[in-house]
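*Asks:* Input: one structure, supplied below.
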Amino acid sequence: MRSRTVRFVVLAAALGAAGCASSEQWQEWRAHNTHFASDQHMGFSVRNTEGGAPKVRRTDIDASRTQQWWGKVVTVSESQIFQN
């Protein structure tokens, strides 16, 4: 009985998690073998969660180009970019 309950909970969690992403997001996810391109990419994403004001540094822009970051684009004006 207990193993059936555990299996049900694991299956429900897996199905629930799978339903949270759009087909476009899944396609993006499958195109890369890691969640982030680098530790800089992860740091940028942690700093810039949805709903908050973006915090973009000049080094972030340079790193995103050289490391080919992926994901949702953060757009800011030139005056909002912090100089390092």
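*Asks:* Fewest Cβ neighbours within 10 Å first, please rank S64, S45 accordingly.
*Replies:* The most exposed by this proxy come first: S45, S64.
*Asks:* Oh, and also: Which of the following values of Cα extents along the principal axes in Å was calculated from the structure shown: [x] 51, 22, 14; [y] 40, 31, 23; [z] 61, 25, 22?
*Replies:* [z]
Rule-based calculations on the coordinates, nothing more; no lab input. Here the structure is a predicted model, which means the values were calculated and not measured. Using ideal geometry, Cβ is built from the backbone for each residue, glycine included, and neighbour counts are taken over all protein chains shown.
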